[in-house]
Amino acid sequence: MIQSPRGTQDILPDTWPAWRRIFEAATRVAEGAGYARIELPMFESTSLFTHATGEHTDVNREMYTFEDRGGDQLSLRPEGTASVFRAYFQHGMKVRPQPVRLYYMGSMFRYERPQKGRFREHRQFGCEAIGSSDALVDASLLALQGRFYRAVGIANAKATVNSIGDENCRPAYLVDLVAYLRLHEDELCGQCRERIERNPLRVLDCKVPGCQPVLNAAPRILDRLCDPCRLHWDRFVEGLRALDTPFEINPRLVRGLDYYTRTVWEFLPDEPGGAQAVLGGGGRYDALAQAIGAPPVPGVGFSTGLERVLLNLQSEMNGDPPGKIDVFIASVGAEAELQALAIAGQLWDAGIPADMGFDNRSLGAQLKQADARGAKIAVIIGETELEQHAALVKNLTTGDQQQAAIASILTTIRESVSASQPST
Ligand code: HAM
């Protein structure tokens, strides 16, 4: 049999309650802070992503790129920020009150080596604020991300923050960093050595134990910020304190995309020991507009991987059975089955979650199904009930049952359903 492609996964009904909780928490938290939903295409012109994310980044190398039948060069989106930015310009959002605040949820595609928490199709929730240079917007977004983790049930996600400067102070810092790394090349792993020229900032991100002493002693960009970047950083930190948002400074924190300037951050799950997969990250990207050939507009945002959020939730999800209903209608015989269908139709129209037995199963088998689906009420139509134009309405928790006329069955069922709700 054909299987799903490596690195993709089906969301099956038993994990849907957890997914729904994630989607609902994201919507509530984002909209609660004035972010409006944007839906973006699954694919865009390849050049949008190459220019936005940077030519030498992993994200760029891992793109699913293809030529369509019309000869256009397209890529499945590896991330959402570039598309939000494109949409901002394409739809003239510069004339709206700034910053324009947008949020999105959906699949992203990266040709990565699949492992725990790393997929070729993953889902992200992201928020972007475009059109403000104010460092307090950075702080508000970091706090929003933390609020989302708490809302969804991850109490202890830890924020780590850094500044990576801008086009004024970063070049001089990089000269010093490269000189330092070259001096210690022999003490670094193969990947670090390879990155020294191509993407020296990313060397700081290496997790190989042998590289740590050299990298911990490397020059820090936080000590080399120009005055405007320093002011921005101080204000950002002030903002986090005003929001009472805990954070740790990690002077080695860099991100895997080239568009960041100044503020960067990541959230880690607070797991003792073990490799910690980053829950999500963000930062300011004031240089992105220029990279995609647009007029200068500042922006800041974050996104979080939702499969990683789910991994941190699973232990505490013990929700309803998949396809949970309130009412199950069991019947015996072809004519009674038709009567059951008519009642089911009335319940569906009335918005009462309901289902019924099909395929002539025994009454016992149908009642087992009712139980497995979490039904509180069973409606039973046997030969006797059919003759009497009636049905048995049974409370499956207490065992109480009553006969009800078909003519008024909806009212009886509705009363039984509300009587079976736990009183709060
Ligand atoms: P990113 O760090 O590349 O940033 O991805 C954001 C999050 O997506 C990661 O922290 C991780 O949770 C999740 N993620 C990434 N790749 C995978 C994967 N292969 N499998 C599972 N989860 C994954 C961005 O994408 C930026 N657009 C974030 C941003 C928004 N910055 C500013 N605004």
Return the single residue from ASP166, ASP205, ASP223 with maximal mean-square fluctuation; model: Gaussian network over the chain, springs between Cα atoms under 10 Å.
-> ASP223
So, by mean Cβ neighbours within 10 angstrom, what's the order for 372-378, 416-422 with the highest one leading?
-> 372-378, 416-422
Approximate spin-label separation ASP371-ARG28, in nm, with each point projected 7 Å along Cα-to-Cβ = 3.4 nm
Helix 81-90 axis, angle to the chain major axis (alpha carbon atoms, nearest 10°) = 90 degrees
Compute the Cα gyration tensor for region 327-417, then decide on rounded, prolate or oblate, letting a ≥ b ≥ c be the square roots of its eigenvalues: rounded whenever a/c is under 1.5, prolate when a/b is larger than b/c in the other cases, and oblate in all that remain.
-> rounded
Of the residues GLY117, GLY153, GLY357, which exhibits the maximal mean-square fluctuation in a Gaussian network model of the chain defined by a 10 Å Cα contact cut-off?
-> GLY357
Along the charge dipole of the chain, Cβ charges K/R +1 and D/E -1, which of VAL254, ILE377, LEU40 sits furthest on the positive end?
-> VAL254
Taking neighbour Cβ counts within 10 Å as the exposure measure, how do ILE381, ILE38, ILE406, ILE2 sort from fewest upward?
-> ILE2, ILE406, ILE38, ILE381
Select from VAL254, VAL95, VAL84 the residue whose mean-square fluctuation is largest in a Gaussian network model of the chain (Cα-Cα springs shorter than 10 Å).
-> VAL95
Contour minus Cα-Cα distance for GLU248 and THR65 (0.36 nm per residue) = 62.1 nm
Theoretical gain in end-to-end length, LEU410 to ASP359 [0.36 nm per residue, Cα-Cα removed] | 15.9 nm
State, to one decimal in nm, how far the label point of ASP400 lies from the label point of ASP320, with both points 7 Å from Cα in the Cβ direction.
-> 2.2 nm
Of the DSSP beta bridges with both residues in the chain, give the percent that are antiparallel, rounding to the nearest 5.
-> 80 percent
In whole angstrom, how far apart do the alpha carbon centroids of region 335-350 and region 186-252 sit?
-> 64 Å
Net charge dipole size for the chain [Lys, Arg +1 and Asp, Glu -1 on Cβ; Debye, nearest 20] = 940 debye
By a straight-distance test (C-alpha under 22 Å), which lysines pair with LYS207 as possible cross-link partners, with residues fewer than eight away in the same chain excluded?
-> LYS116, LYS158
Could you please rank THR261, THR46, THR384, placing first whichever residue has the fewest other Cβ atoms within 10 Å of its Cβ?
-> THR384, THR46, THR261
Considering only region 327-417, what is the antiparallel percent among its DSSP beta bridges, to the nearest 5?
-> 55 percent
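Here, each number is a calculation from the coordinates, and none is a lab measurement. These numbers were taken from a predicted model, which means no experiment stands behind them. Heads up, the Cβs are rebuilt from the backbone with ideal geometry, glycines too, and the neighbour counts pull from every protein chain shown.
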